[in-house]
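Here's the structure, in structure tokens; my notes come after.
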Amino acid sequence: MDKPEWIDGGVLQQRELENIQKLVKQNKSRNRKIYLREHPQKRRQAQEPESEANPTSSPPQHHASADLTPQSQSEEEFVVDNNVLPYVQISPVQLSEPSIAPNISYFRFSHHREAELLMHYLDHVFALQFRLHIPSVSTGGRGWLLWLLTETPPFHRAAISLGALHQHSLLGRTSRGVHYYDAWEELNEHHNRALSELQVFLQNSYESHTAVNDRMRKLQILACGVAFISFELFRGGVSWEPHLDALTTILSSKGVDDASVRHGSTTEMAMVQDDTSTVREPQMSTLEDTAEHFLTGAIIWFESLSVASTGKAPKLLDHYDTLLADGQIDLVNVAGFQNWIATIIGEIGALREWKSQAEKERNFSFWTLFERGDAIRKRLGERILALRAEISQTLPAFDGTQVDAAATYLVMADPALHAQAVRRAITLVFAHAAQVYLYCTTSESNAALDEIICSVAATASALQDLRAICDGQVLRSLVWPICIAGCMASGLTLQNFFQSLIEGLGEEAHVFGNSRNVLKVMQTCWARRAAGTIDPKGSYCDWMTAMELTGQRILLV
């Protein structure tokens with residue numbers, strides 16, 4: 001297997017390293033500004049010495065207001081302490097403004113504390129990342145996760161930073177005392193170190209080019225990328241695009257139709273024969289297969305749902321059929337919905353991008369839009385009918401609008417039946433929300449259209465049915481359909497229903513996730529619609545318009 005095209009020792013690799021440096025720079029700048037906001041006396045102390053030394057000079061301009069949204073570009077450059085990471089040959093550069101944040105040593109926190117945070121990630125955070133994942137005993141459960149954590153320093157550090165982020169979020173709900181600020185400093189250290197170690201890892205990647213080593217390196221990079229996207233997701237759902245773009249570039253440049261992804265690598269390649277026995281490397285091959293299928297599925301999940309936020313077609317869309325055809329990559333066990341949902345949503349995203357580009361180039365054809373949209377509409381309708389037939393087999397009392405108490409009891413009493421029913425119900429919710437997405441694409445997002453009204457109502461009905469058979473916290477995995485349908489909801493009754501879904505997730509979901517920003521997007525749509533606001537192009541407000549107005553492109557995962 002060839003190494004990725006972007007790791008070439010030249011322009012592409014430099015571009016990727018620059019992206020990582022940019023993220024580190026933005027993160028450090030954001031941390032400094034937040035510290036200044038919480039410690040205004042420190043800002044005054046930093047300014048006074050400079051003013052005394054040079055009374056005629058203007059004091060440095062510090063931005064005291066900051067939040068966890070993307071900030072403007074700082075003039076600060078990326079700095080690595082060569083005493084800490086001596087194997088990185090990067091020359092320090094002078095900061096353009098004095099550093100006010102606490103001087104934290106990379107080794108301030110003990111290994112015991114790191115072990116606590118790592119277990120916190122494994123016990124709590126991973127389950128929040130992938131709420132609907134059920135580890136399979138036949139493929140080694142989550143052994144692949146522990147294997148990658150122990151073999152990949154930046155992934156290990158990223159997992160620790162996720163654990164620290166969750167603990168910091170929980171402390172923020174109860175107090176703002178010294179423990180809160182200690183947790184904040186700890187979080188900053190681990191996240192900055194994770195980004196730095198990823199840079200080191202990329203610089204030292206692919207020194208040996210055996211097939212096994214290349215595959216291992218790819219899995220390690222994918223695991224890091226998924227962790228960094230999750231970090232941004234739990235911090236509000238913004239600043240995720242560079243990571244996702246890098247991951248999809250890696251998959252596409254590696255040739256995602258490789259047999260190792262579609263069918264699992266052959267055990268013959270991993271088996272090492274000696275004079276007496278066969279070494280246990282077929283187990284390692286199975287571990288790598290499980291990791292590759294899961295991580296690739298997570299990336300497809302992120303990318304397919306991101307199209308509603310970016311307005312762009314998925315970079316991997318042409319490979320979806322190949323990747324998802326034989327069930328080795330099962331999105332049901334990653335995202336909760338069946339594989340075809342990702343393909344349908346990706347195709348709608350591609351149609352929306354074509355429409356936008358055609359309008360810019362002034363060669364838009366309504367009939368082309370109608371033909372392409374109608375083909376997707378028919379396939380989506382057929383899938384929904386087939387899915388309802390499957391649900392009727394699982395829930396005999398399901399009448400297409402509501403699940404009754406007897407059916408709910410039967411489902412809850414059988415774990416296997418319950419898991420199957422929940423996943424089919426989740427797929428139905430996404431399918432109806434995809435209809436809303438499609439009709440907004442083929443129209444101008446006019447919430448008064450009958451097709452949009454009916455699709456929003458169908459999504460709400462499917463959500464009600466889902467709530468009857470599962471824990472309400474499962475809805476944390478359904479931010480995409482709630483936001484898409486909720487933004488287009490007309491009338492106070494439906495709007496209150498979708499708002500109650502977000503509010504019902506609880507305070508933890510608001511401080512550790514993107515639900516608060518999602519609610520802001522929906523409320524922006526409702527307010528503009530109530531005011532009768534239409535943009536200059538004649539389009540009504542939808543979620544993309546609201547994201548542009550709020551300045552936050554949110555990943556709806």
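Within the stretch 138-154, the set of residues being open to solvent by 10 Å² or more (accessible area, probe 1.4 Å) and among the hydrophobic types (A, V, I, L, M, F, W, C) comprises L146, W147.
Screening G297 with (1) surrounded by 15 or more Cβ atoms within 10 Å (Cβ to Cβ); (2) closer than 24 Å to S138 by Cα; (3) modelled with pLDDT under 95 gives one miss only, at (3). Residue check: S490 meets all listed conditions (1) in a helix (DSSP H, G or I); (2) within 30 Å of K360 (Cβ to Cβ); (3) not charged (D, E, K, R) but one, namely (1). For residues that are among the acidic types (D, E), in contact (Cβ under 8 Å) with a residue 24 or more places away in the chain and either open to solvent by 20 Å² or more (accessible area, probe 1.4 Å) or touching a strand residue (DSSP E or B) at 6+ places or on another chain (Cβ under 6 Å) (or both), tally how many sit in the stretch 440-469. Final tally of qualifying residues: 1.
Can you pull out the residues in the stretch 360-377 that are of a type outside the set (S, T, N, Q) and part of a loop (DSSP other than H, G, I, E, B)?
R362, F364
Say whether the condition of being modelled with pLDDT of 95 or more, over 22 Å from the mean Cα position of the chain (by Cα) and open to solvent by 60 Å² or more (accessible area, probe 1.4 Å) is met by at least one residue in the stretch 529-540. The answer is no; no qualifying residue exists. Only one of the numbered conditions (1) open to solvent by 30 Å² or more (accessible area, probe 1.4 Å); (2) at pLDDT 85 or above is not met by H243, and that is (1). Summed over the stretch 541-557, the residues that are within 20 Å of the chain's Cα centre (by Cα) and in a loop (DSSP other than H, G, I, E, B) give a count of 7.
Taking the listed residues L380, L410, L387, L417, the one that is modelled with pLDDT under 75 and in a helix (DSSP H, G or I) is L410, with no other qualifying.
The values are calculated or read from the model by the stated rules, or taken from the named source; none is laboratory data. No experiment lies behind these values; they were computed from the predicted model shown. All Cβ positions, glycine included, derive from the backbone under ideal geometry; neighbour counts span all protein chains shown. Ligands, DNA and RNA are stripped out before the accessible areas are found, and what is left, the full protein with its side chains, is counted by its heavy atoms. Shrake-Rupley method; radii C 1.70, N 1.55, O 1.52, S 1.80 Å.
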